[in-house]
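Presented below is the structure to which this report refers.
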C-alpha cells in the first residue's frame, strides 16, 4: 500500500470552473457520462485536485464520514485535493480537504482521507465479493463532460451492459461495460459501477480516446474485490 501525504488544498481549487477536467494526460483515463439521465445520489461526490501543476476533476464514492473511494490515477502524483458533496458542478458547496491518499495493492483503486469528518445521510453500499460478468446490466455514474465535450452541471447516470473481464489502467482486474442509454466519456474517473444497487467497481479507462457522442461506447471499471481486504481494513467498512 502506498500512502501519499498531501498539503492543504490550494485556494485555486475552490475557484475552479464548473466543468470537470481530465485527471491525467492520457485521454483514455478520463471517462464520464454521455447520454443517460440526471441523478441525485448523496454519496457520489466530486473531487478537485492538483496534479502535475494542473487542476483536474474526478468522481468518488463516500464510504463513511472520513473516507472516499476513487480511482488510483486520480490520486497518483496528486499534491492537494478537495471533496465536494453536492451533485451540482456549478454549486459544489463547501470544500472538504483531503489530508492523505492511499493507493490499493491491486487495481486502479485509491482511498482519500478527509481531514475533518463530513457526515452524509447515506454512504456508498459496496459489494466486495463481486466477480466479473459477461451478461446482465449495471449503472454507471459520474461528473464531467457530456457528448462532444459539452460540460455538465450535475451528476449523471447511465445503464450499461456487462460484457466480460478486462484490465484497468494499473493492470488490475476490470469489468468491461458498453452503454445501453449512455456511456463513459472524458472529464471524470473514479465514478461508480453499481450492480444490483451496490458499488462493484470504479471507472478506470475508456476503450477509445474520444467516444464523441457514442452512447454505446465501452469502458473498464476497476473491480473492488481485488483489493477487498485492504478497503475494509483501511476505511473501516
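The values are calculated or read from the model by the stated rules, or taken from the named source; none is laboratory data. Please read all numbers here as calculations on a predicted model, not as lab measurements. Using ideal geometry, Cβ is built from the backbone for each residue, glycine included, and neighbour counts are taken over all protein chains shown.
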Going through region 70-81 in order, the residues found to be surrounded by fewer than 24 Cβ atoms within 10 Å (Cβ to Cβ) and within 16 Å of the chain's Cα centre (by Cα) are 76, 78
Of the candidates 199, 180, 195, the one satisfying the condition of being modelled with pLDDT of 80 or more and crowded, with 23+ Cβ neighbours inside 10 Å is 199
Picked from region 51-69 (must be more than 13 Å from residue 142 (Cβ to Cβ) and at pLDDT 95 or above), the residue surrounded by the most Cβ atoms within 10 Å (Cβ to Cβ) is 68
Pairing a residue in region 194-211 that is not assigned by TED's automatic domain parsing to the domain that holds residue 166 with any residue that is surrounded by 20 or more Cβ atoms within 10 Å (Cβ to Cβ) and at pLDDT 85 or above, where Cβ atoms lie under 8 Å and the two sit 6 or more apart in sequence or on different chains, gives none
Q) Can we say residue 236 is modelled with pLDDT of 80 or more and either more than 18 Å from the chain's Cα centre (by Cα) or closer than 21 Å to residue 83 by Cβ (or both)? A) yes
